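A.B. asks: One structure follows; several queries about it will come next.
Computed from the coordinates by the stated procedures, all read-outs in this text should not be read as laboratory data. None of these values were measured; they are calculated from a predicted model. Here the Cβ is made from the backbone with ideal geometry for all residues, glycine too, and neighbour counts use every protein chain on show.
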Number of protein chains: 2
Amino acid sequence: MKLKDIGEISLIKGFAKTMRLDSSVVKGSGDDAAVIKWTRDKYLLMTCDMVIEGVHFKLPGASPFDIGWKAMARNISDIAAMGGLPRYALVSVAIDAEKSVLFARELVKGMIAAASRFKVNIVGGDMSRSKKLMIDISLTGEVEKPNVVLRSGAKAGDLILVTGAIGGSGKGRHLNFIPRVKEAREIVTRFKLNSMIDISDGLVMDLWRILDQSRVGATLYQNAIPLSKDAGPFKEAISEGEDFELLFTMSIGEARRFFRTYLGKMKTPVTLIGEITKKKDGYELVNGEGKVEKLGPKGYVHF
Amino acid sequence: MKLKDIGEISLIKGFAKTMRLDSSVVKGSGDDAAVIKWTRDKYLLMTCDMVIEGVHFKLPGASPFDIGWKAMARNISDIAAMGGLPRYALVSVAIDAEKSVLFARELVKGMIAAASRFKVNIVGGDMSRSKKLMIDISLTGEVEKPNVVLRSGAKAGDLILVTGAIGGSGKGRHLNFIPRVKEAREIVTRFKLNSMIDISDGLVMDLWRILDQSRVGATLYQNAIPLSKDAGPFKEAISEGEDFELLFTMSIGEARRFFRTYLGKMKTPVTLIGEITKKKDGYELVNGEGKVEKLGPKGYVHF
């Protein structure tokens, strides 16, 4: 049997099952970052993310600066989605020796630009040769214990909120997006969030991940979902990847407090797009005509 | 200008220069692992290491279990070389979807075997497709502040010591070696080391790295260097890579105390192979005939 026959998810799940983790690991794989007990007040967060030519970007096409920025920013976004602050990065680059020095410098500049903007220290790395360009970055962050937000804490009755706007990232924004660290920190330090994820595989898929880990259902309201000016048709916009917006849930009481006391002070819009329901109520969308459609991890479910 | 014209070292040095690091970073790139202030008593250690098909191993040839073991063990060895304990790993794998599930499982088994043996928690990872197999692992460790050992602390007059035996790793040991964590911890918790590195690019190159960072010279004694039973000719044995033994220096007084009180209790041999000299005395080998030969980073220097 070949890997393509069982898929990445099965393999990773099998992998995760066979590993023993000691009691210092609060959360291993399966969230935006691992959570580790480290000091009395703070958790350590650890994440890694790989971008590969031909899979995550194309050459020529993407500029090397943008590729470097994206490779770093994806990881920063993962730390933001835990409510944390990014701190230390390790950068591995595999690159063709036939590439120009200028290309490599621009790649590095892009990584450093993203790192500098979010006060990330690049503390090491590794370099090797490869026909296809590959960048793997691991990022360590920190978060005060009360502020950590997992995917698994959503509760029936929670409201579902999203930063910014959805869709159209394929037109370029997926390469030069600004990870929502500032927004995440503004919110987690003032309000109690029950769950959070960053949208890297589309709103529908990433909300499904919250539902799956929290064992709940959800209803989304089509007319409430803010679409980016670059977005295509609605169904496409909520299914395509790499918005890198934050998707989170709060109790109604906490959400009310957030809307009344803080939303007006934020530069980035935050929009209420749905609510968490009981698992038995399933994953649904109330469409533009007020009709209910069924959703699944990969988008609309057709019968 | 192409990358192959300037080389990896220049690029990485240029990279390192343009980065700003905050005061929490005790040591960034340039050692076996980065050293970061984290708690009152301990430093955080961070390292990453990539292995790529065709560069670090060949397929078919190496078994997937061995490749997995090696990818993890290289990182563990880096943490050992800082005097630390390995703790948390993130694993990125890029693999051809045409590979068999069995192959992938064996690869994972090899990683888990190495991780389990050294109590490393695999807390996350990433997976992607690539024609050539690539594994990048980042490993976080910890070390009590007084026990951390850098490459840069060697002093003229120090003795140079090495664990185990040198050479011949190409015959298979480079794939299934046991990282010297136990030995490093036995020694750093009892004795003051001035510098340490693990031998991943050959004794001559890796000692040169200590000399370069410590601004000192060294004299090695050919007749004192323990060769592995698999080793080829002496010149080859001390120049080839991937012994993954620990190379370290101590003051004469501390070394004497080590030899008298502790060496007899260790299962792994530790051998005195030379001494650190002043920088102006250069990098030398006293050969089997008692003659002095000049060494450089890449081995013998010929005039």
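A.B. asks: Whole-Hz ³J(HN,Hα) for each residue in the stretch A:136-144, computed from phi via Karplus 6.51 cos²θ - 1.76 cosθ + 1.60 with θ = phi - 60°, x for glycine and proline: what do you get?
C.D. replies: Here the 3J(HN,Hα) series is 10, 10, 10, 10, 9, x, 9, 8, 4 Hz.
A.B. asks: Also, I was wondering about something else. Whats the longest run of chain A with zero GluC sites (Glu not before Pro) that are DSSP loop and have at most 16 other Cβ atoms within 10 Å?
C.D. replies: A:99-288
A.B. asks: Pull up the cross-link candidates among the lysines for residue B:235, meaning alpha carbon to alpha carbon under 16 Å and not fewer than 8 places away within one chain.
C.D. replies: The reachable lysines, counting only those whose Cα sits under 16 Å from residue B:235, are B:291, B:294, B:298.
A.B. asks: What list do you get for A:221, B:262 if you sort them by fewest beta carbons within 10 Å?
C.D. replies: B:262, A:221
A.B. asks: Continuing with the same structure: Based on the mean of other Cβ atoms within 10 Å per residue, sort peptides B:18-26, B:60-68 so the most packed one is first.
C.D. replies: Those peptides, ordered most packed to least, come out B:60-68, B:18-26.
A.B. asks: Run the quick spin-label model on residue B:58 and residue B:261: label points 7 Å from Cα toward the beta carbon, then report their separation in nm to one decimal.
C.D. replies: Result for the modelled spin labels: 5.0 nm.
A.B. asks: Order by neighbour count: B:177, B:234, fewest other Cβ atoms within 10 Å first, most last.
C.D. replies: Going from sparsest to densest Cβ surroundings: B:234, B:177.
A.B. asks: Running a GNM on chain A with Cα contacts under 10 Å, which residue among A:261, A:189, A:47 ends up with the highest mean-square fluctuation?
C.D. replies: Maximum among the listed residues: A:261.
A.B. asks: Across peptide A:48-56, what mean number of C-beta atoms from other chains lies inside 10 Å of a residue's C-beta?
C.D. replies: On the way: counts 12, 6, 10, 2, 6, 1, 3, 4, 1.
Mean partner shielding for this stretch: 5.
A.B. asks: With only Lys, Arg, Asp and Glu charged, each at its Cβ (+1 for the first two, -1 for the last two), find how big the charge dipole of the stretch A:160-216 is about the Cα centre; round to the nearest 20 debye.
C.D. replies: Charge dipole of the stretch A:160-216: 180 debye, to the nearest 20.
A.B. asks: For B:36-44, what's the mean count of beta carbons from other chains sitting within 10 Å of each residue's beta carbon?
C.D. replies: Partner Cβ neighbours, averaged per residue: 3.
A.B. asks: What share of all Cα pairs of chain B, in percent, falls into each consecutive 10 Å distance bin?
C.D. replies: Taking every Cα pair in chain B, the percentages come to 6, 26, 34, 24, 8, 1.
A.B. asks: List residues of the stretch A:161-205, by number, whose backbone nitrogen lies under 18 Å from a label position 7 Å along Cα→C-beta of residue A:294.
C.D. replies: A:204-205
A.B. asks: Still on this model: Would you mind working out the magnitude of the charge dipole of the stretch A:177-246 relative to its Cα centre, with +1 at each Lys and Arg C-beta and -1 at each Asp and Glu C-beta, to the nearest 20 Debye?
C.D. replies: The dipole of the stretch A:177-246 has a size of about 420 debye.
A.B. asks: Of the options B:204, B:54, B:81, report the single residue whose Cα projects farthest towards the positive end of the charge dipole of chain B (beta-carbon charges: Lys, Arg +1; Asp, Glu -1).
C.D. replies: Most positive-ward Cα: B:81.
A.B. asks: Using a simple charge model, +1 on the beta-carbon of Lys and Arg, -1 on the beta-carbon of Asp and Glu, nothing else, what dipole does the protein assembly as shown show about its Cα centre, in debye to the nearest 20?
C.D. replies: 1260
A.B. asks: Anything over 21 Å Cα to Cα? Flag those among A:58/B:17; A:70/A:109; A:4/A:280; A:132/B:58, in the order listed.
C.D. replies: Details: A:58/B:17 29 Å; A:70/A:109 12 Å; A:4/A:280 32 Å; A:132/B:58 17 Å.
Result: A:58/B:17; A:4/A:280 exceed 21 Å.
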